[in-house]
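Notes follow the structure.
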Amino acid sequence: MNACKSVLLIMATAVLLFSTGCWDRKEVNDLAIVRTAGLDLKNNGEIELSLEIVIPKEGGGKTQQGMSNSKSSGSTLIWSASGATAADAASELQIKLSRTVYWGQLEILVVGEALSRSQLREQLDYLVRDSNVRLRVQPFVCKGTARDFLASAPPLEKTRADFLGGESEQLFRRPITLNNLVQNLGNTSNEAFLPYVDTTQDGGKSVPYVKGYAAFSSYRMAGLIQGESYSGAKWILEQVSGDVETVKLDRPSSPLISLGVLFSSTRIDPKLVGEIPRMDIVIEAEMSLMQNTTRFKTMDSKFIRNVEEAAVDKIRQKAETTIKQAQKMRADIFGFGEEIERHNPRKWKHIHDQWERIYPSIQANVQVKVRIRQIGMNSVPVGKS
């Protein structure tokens, strides 16, 4: 009899376990799934939050009605609201939506330039405090406002998150994440950098693209690193990924050689002699010869050495120009202060309070080593036997 009671008790427990649901679980059809978020500082001082939300498919549950507060593009909608803080704006935005905002699929954060120069750290606190926001979210700074940037149509990809994520993967060896940003803003010198995006007109459409780096000093955007300096920064930061360097030889005519980056590494060694430290920066690269516009054979070892020397000179010049630009901004984006602290904590403790004055005066000695490892299928230029 006791055995029968035990069996019945076990069966009853099993039935309860398998029939019990999650009382607070949200169905997918009840969620507004966010892929991209934008933050702006408005002229009146309010914070504007813009969200790229996936449009529900027909037949997949209730859909949003009354799109007067949003802009539609392809498979997503852009909704915006303002408030005293990012959290306040999110609350106002939730009132406009019939679905619960879900941050678990957030991939991209776009920050307007005005906010980047003023309140980035303060407003980031809202996102990193939410347990649903993943720290691998990729942040970007955009020219103008994030709201206008999100309104631009992404080429090829269905969403802005897909486009910016793919662009980052193509341009950088290691994508910059929200976790990187938070750590860098809390590091020794409170410096950081983020990809800077802009839009260009192509076929009547605004097409977004990564234009350079936004450099941060003391939690605020200090300036932009673009053009040749952007390339130099990527070399120092070990962010070259499939980049192409075109170098010019002293002779002959039409002396252009295009080289692809196979691998690169950067080492920063501080020399702590005297009051002002010196930084030795060593960049090493392995490259492939992608195009030869000269009449020289690529099997010629002297020719290859000349190409390597030309590449060394160009990369060094770019790196030196970038460092001077960062020093002028007083933005230690290459982590000189961290390297000093790591190598000699006592020295860093002595100069820490004077770092803002010392950093622009630091001499950087850049050394570059280049080896061409691949010359392609042809050892002779096209048209030469």
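Among the residues of the range 62-111, how many are open to solvent by 60 Å² or more (accessible area, probe 1.4 Å), part of a strand (DSSP E or B) and at pLDDT 90 or above?
1
Return the pairs, sorted by first residue and then second, in which the second residue is open to solvent by 20 Å² or more (accessible area, probe 1.4 Å) and basic (Lys, Arg), the first residue lies in the range 357-377 and is closer than 17 Å to ALA233 by Cα and part of a strand (DSSP E or B), the beta carbons are less than 7 Å apart, and the residues are 6+ apart or on different chains.
GLN363/ARG278; ASN365/ARG278; VAL366/ARG316; VAL368/ARG316
What number goes with the only condition from (1) under 14 Å from ILE257 (Cα atoms); (2) surrounded by fewer than 17 Cβ atoms within 10 Å (Cβ to Cβ) that ILE304 does not pass?
Status for ILE304: all satisfied but (2).
Restricting attention to the range 285-300, which residues are open to solvent by 60 Å² or more (accessible area, probe 1.4 Å) and either part of a loop (DSSP other than H, G, I, E, B) or in contact with a helix residue (DSSP H, G or I) (Cβ under 8 Å, 6 or more places away or on another chain) (or both)? Please lay out each step first, then the result.
Filtering the range 285-300 down to residues open to solvent by 60 Å² or more (accessible area, probe 1.4 Å) leaves 286, 290-291, 295-297, 299-300.
Residues satisfying the conditions are ARG295, PHE296, LYS297, MET299, ASP300.
Could you tell me which numbered condition ILE340 fails, if it satisfies all but one of (1) at pLDDT 95 or above; (2) open to solvent by less than 10 Å² (accessible area, probe 1.4 Å)?
So the condition that ILE340 fails would be (1).
So THR322 passes all but one of these: (1) buried (at least 17 other Cβ atoms within 10 Å of the Cβ); (2) in a helix (DSSP H, G or I); (3) at pLDDT below 95. Which condition number does it fail?
That leaves (3) as the condition not met.
Kindly indicate whether ALA192 is of a type in the set (Gly, Ala, Ser), touching a Gly at 6+ places or on another chain (Cβ under 9 Å) and crowded, with 18+ Cβ neighbours inside 10 Å.
no
So if I check each of ALA331, ALA311, which one is among the small types (Gly, Ala, Ser) and outside any helix (DSSP H, G or I)?
Sole residue among the options that is among the small types (Gly, Ala, Ser) and outside any helix (DSSP H, G or I): ALA331.
Could you go through the range 153-176 and let me know if any residue there is surrounded by 17 or more Cβ atoms within 10 Å (Cβ to Cβ), part of a loop (DSSP other than H, G, I, E, B), touching a Ser or Thr at 6+ places or on another chain (Cβ under 9 Å) and modelled with pLDDT of 90 or more.
No: zero hits.
So ASN292 fits all but one of (1) without any contact (Cβ under 8 Å) to a residue 60 or more places away in the chain; (2) more than 30 Å from the chain's Cα centre (by Cα); what number is the exception?
Failed condition: (1).
Do we have any residue at all in the range 269-284 that's surrounded by 18 or more Cβ atoms within 10 Å (Cβ to Cβ) and outside any strand (DSSP E or B)?
yes
Which condition does ASN184 not pass, out of (1) in contact with an Asp or Glu (Cβ under 9 Å, 6 or more places away or on another chain); (2) closer than 30 Å to GLU356 by Cα; (3) open to solvent by less than 30 Å² (accessible area, probe 1.4 Å), if it passes all the others?
Going through the list (1) in contact with an Asp or Glu (Cβ under 9 Å, 6 or more places away or on another chain); (2) closer than 30 Å to GLU356 by Cα; (3) open to solvent by less than 30 Å² (accessible area, probe 1.4 Å), ASN184 breaks only (3).
Give the residues of the range 246-289 that are within 30 Å of TYR359 (Cα to Cα), touching a residue at least 60 places away in the same chain (Cβ under 8 Å) and among the small types (Gly, Ala, Ser), sorted by residue number.
Listed by number, the list holds a single entry, ALA285.
Just to be sure I understand the filter: pairs with C-beta atoms under 8 Å, separated by 6 or more residues or on different chains, first member in the range 327-344 and of a type in the set (A, V, I, L, M), second member surrounded by fewer than 18 Cβ atoms within 10 Å (Cβ to Cβ) and assigned to a helix (DSSP H, G or I). Which pairs pass?
From the range 327-344, the pairs are ILE340/LYS347.
The values are calculated or read from the model by the stated rules, or taken from the named source; none is laboratory data. What you are looking at is a predicted structure, and each value in this text was computed from that prediction instead of being measured. No Cβ is skipped: glycine too gets one built from the backbone with ideal geometry, and neighbour counts run over all protein chains shown. These accessible areas exclude ligands, DNA and RNA; they are computed on the full protein's heavy atoms, side chains included. Shrake-Rupley method; radii C 1.70, N 1.55, O 1.52, S 1.80 Å.
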